[in-house]
Amino acid sequence: MFEARYFKKIYSKKRTIPLNTFIMWQNIRPILIAVLLLNCTSIFGQGKNSELFRGLVIGMQKNNAELHFQKNQNYFESIQFGDGVVFTAHPRNFIYTSMVKLEGLRLYPRFSELNGLRYDMILKYLDQIKSYFVEGLDYKIAYQSFYWNAPYKWLSKDYVLGLVLESPNKKTIIHVHPIEYTVYDAEVLNIQIDILSKDLWVGLQRSGRIGEASQLVKLNL
């Protein structure tokens, strides 16, 4: 009983704040609020600026990236880049640094892995992808191979780069190019879109893993 009365007395005791402390708090409160707002703006702004693609963020942990995919699976399985131009993404095509942090992803035309695309469809897809990002989202053309939208000539010239686009915030590189591979002894034509962080792209270039085989290339980055 004594213990209960003792604690009741302590916590029910009225407390007063010295006048000088109250005045000091009133003076610094606006400054603290301003600093807090600035930090919040910086944090949220950084997340927005480092977006890789549709909610996937550069440096995102692997489990978070896969969770984001699962929550938005319907969208990632049917990504629209214009009239009839539909691509798909899958976590197996996500690119990580040391298998931990997200730095890129690859997209392929939907339902095209086995049979590829007809030549005329590839031309349509390439042109509409360029229009979607350059005219629609204000991406800058960093590089464009002469035959970037003529797959047979592009492949015969042993080009590597194709079309290279840079995002308005200069954080993301989009690399669009034809590809050719073999399925059941048949040659198949298709398209690949690589969406990479600019840091990863620059690193790959410096290491010599990305570049034209037939000519020296200087990107407009």
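Since every read-out is calculated from the coordinates, none of them should be taken as a lab result. Since this is a predicted model, take the numbers as computed values, not measurements. Every residue, glycine as well, gets a Cβ built from its backbone with ideal geometry; the counts of neighbours run over all protein chains shown.
Worth a mention:
- Separation of the Asp158 and Ala186 label points, Cα + 7 Å toward Cβ, nm: 2.9 nm
- Neighbour cut-off at most 14 other Cβ (10 Å), DSSP loop, chymotrypsin sites (Phe, Trp or Tyr not before Pro), region 42-141: Phe111
- Legend: ranking of residues His90, His175 from fewest to most surrounding C-beta atoms inside 10 Å; resulting order His90, His175.
- Ile95, Ile141 arranged by Cβ crowding within 10 Å, fewest neighbours leading: Ile141, Ile95
- Note on region 50-178: dipole from Cβ charges, positive end direction compared against Leu155, Gly55, Phe94; the farthest Cα belongs to Phe94.
- For region 51-206, the convex hull spanned by the alpha carbon atoms encloses 124 Å³ per residue.
- Under 5 Å between amide hydrogens, built in the peptide plane, is the criterion, and for Glu77 it picks out Ala89 among residues at least 5 positions away or on other chains.
- Taking the fewest neighbouring Cβ atoms within 10 Å as the starting point, the ordered list for Met121, Met60 is Met121, Met60.
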